[in-house]
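Q: Below is one structure. I have some questions about it.
The values are calculated or read from the model by the stated rules, or taken from the named source; none is laboratory data. What you are looking at is a predicted structure, and each value in this text was computed from that prediction instead of being measured. Here the Cβ is made from the backbone with ideal geometry for all residues, glycine too, and neighbour counts use every protein chain on show.
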């Protein structure tokens with residue numbers, strides 16, 4: 001744990017990537033998906049151009065901390081001619097390697113004229129991408145795939161937003177035989193009610209992480225205050241063999257906006273991860289700060305599990 005006793009400790013040289021670090025003019029860079037690729041850490045960053053539309057650009061690092069090499073051009077741009085749901089941009093990629101298919105699957109928000117929806121693309125090299133198009137209709141965001149199938153079906157976390165006032169926004173789970181057609185939808189993690197930090201609206205953050213204790217889920221909770229919305233992070237654990245079963249959900253948030261780059265930006269008071277990487281028990285969590293920059297935090301996986309489900313976790 002950090003010297004303050006917190007689970008996650010911020011990298012002392014945050015932010016790791018800022019708009020001024022980009023090799024071409026942009027308005028913001030944030031909400032990066034993350035994975036290990038060719039012995040490097042690869043970030044698929046959401047980059048907002050000066051029109052207000054987002055695309056994806058890659059950054060890589062040998063140690064996942066510093067000396068980021070940023071692509072000199074966008075790696076994945078909206079293609080509204082072929083995929084009209086992408087007309088207003090691509091947002092918030094979450095990357096999952098699927099060993100069964102030998103590809104990385106990228107689930108992202110496509111912003112259509114009728115609202116944000118969930119789209120999916122696959123790649124073998126992060127240079128060429130195969131778009132499957134829209135897999136869940138509006139309004140839906142914050143989707144992430146599990147890296148394994150369950151009884152021959154892939155599983156997806158996502159966050160639909162019902163039109164009914166007061167219904168809240170919750171995390172659901174759905175299943176598919178082919179990544180394209182999804183069904184067996186069911187509510188998984190409801191937003192709490194009342195004064196909770198994660199009342200009314202929650203959403204998946206990084207993709208589920210497999211541990212010996214279960215699937216570790218990181219999610220964001222949004223609390224509306226008199227000064228605007230406040231985005232903080234929480235944890236839950238799902239059964240390894242039945243991801244529809246919630247083993248444990250933490251009551252307290254584990255990371256909240258405190259630093260200047262998290263408190264002030266295009267959207268104030270936001271910490272928003274889309275990816276994490278684990279190596280030798282160390283979690284590297286990549287998150288957007290105030291919808292403006294990319295930041296990094298660290299945690300020990302065994303500390304996180306111990307905090308979530310108690311001291312019975314074996315080290």
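Q: Look at residue 117 and say whether it is surrounded by 20 or more Cβ atoms within 10 Å (Cβ to Cβ), in contact with a helix residue (DSSP H, G or I) (Cβ under 8 Å, 6 or more places away or on another chain) and under 25 Å from residue 208 (Cα atoms).
A: yes
Q: If I go through the stretch 5-25 residue by residue, how many of them are closer than 19 Å to residue 50 by Cβ and assigned to a loop (DSSP other than H, G, I, E, B)? It would help to see each step written out before you state the result.
A: Initial filter on the stretch 5-25 (closer than 19 Å to residue 50 by Cβ): 17-25.
Within this subset, residues satisfying the condition of being assigned to a loop (DSSP other than H, G, I, E, B) are 18, 22-25.
Of the residues in the stretch 5-25, 5 are closer than 19 Å to residue 50 by Cβ and assigned to a loop (DSSP other than H, G, I, E, B).
Q: Do you know which residues across the stretch 249-281 are more than 18 Å from residue 18 (Cβ to Cβ), outside any loop (DSSP other than H, G, I, E, B) and out of contact with any strand residue (DSSP E or B) (no Cβ under 6 Å at 6 or more places or on another chain)?
A: Once the filter is applied, which keeps residues that are more than 18 Å from residue 18 (Cβ to Cβ), outside any loop (DSSP other than H, G, I, E, B) and out of contact with any strand residue (DSSP E or B) (no Cβ under 6 Å at 6 or more places or on another chain), the stretch 249-281 yields 278, 279.
Rundown of residues vs (1) closer than 23 Å to residue 269 by Cα; (2) over 18 Å from the mean Cα position of the chain (by Cα); (3) surrounded by 14 or more Cβ atoms within 10 Å (Cβ to Cβ); (4) touching a residue at least 24 places away in the same chain (Cβ under 8 Å), yes/no style:
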{"site": "172", "(1), (2), (3), (4)": "no, no, yes, no"}
{"site": "218", "(1), (2), (3), (4)": "yes, no, yes, yes"}
{"site": "223", "(1), (2), (3), (4)": "yes, yes, yes, yes"}
{"site": "254", "(1), (2), (3), (4)": "yes, no, yes, yes"}
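Q: Something else: Restricting to the stretch 123-145, and then to whatever is touching a residue at least 60 places away in the same chain (Cβ under 8 Å) and on the phi > 0 side of the Ramachandran plot, can you tell me which residue is surrounded by the fewest Cβ atoms within 10 Å (Cβ to Cβ)? Write out each step before concluding.
A: So the first thing to find is which residues in the stretch 123-145 are touching a residue at least 60 places away in the same chain (Cβ under 8 Å), and the list is 126, 141-145.
Then drop every residue that is not on the phi > 0 side of the Ramachandran plot, which leaves 126, 142.
Numbers: 126: 20, 142: 25.
Filtering the stretch 123-145 for residues that are touching a residue at least 60 places away in the same chain (Cβ under 8 Å) and on the phi > 0 side of the Ramachandran plot, the one surrounded by the fewest Cβ atoms within 10 Å (Cβ to Cβ) comes out as 126.
Q: Against the conditions (1) under 23 Å from residue 47 (Cβ atoms); (2) under 16 Å from the mean Cα position of the chain (by Cα); (3) not in a loop (DSSP other than H, G, I, E, B), where does residue 235 fall short? Just the number, please.
A: Only one criterion in (1) under 23 Å from residue 47 (Cβ atoms); (2) under 16 Å from the mean Cα position of the chain (by Cα); (3) not in a loop (DSSP other than H, G, I, E, B) is unmet by residue 235, namely (1).
Q: Considering only residues that are touching a residue at least 40 places away in the same chain (Cβ under 8 Å) and loosely packed, with under 12 Cβ neighbours inside 10 Å, which ones fall in the stretch 55-75?
A: Within the stretch 55-75, 66, 72, 73 meet the criteria.
Q: State which residue is surrounded by the fewest Cβ atoms within 10 Å (Cβ to Cβ) when the search covers only the stretch 282-315 and only residues that are part of a loop (DSSP other than H, G, I, E, B), at negative phi and modelled with pLDDT under 95.
A: Applying the filter and picking the extreme gives 311.
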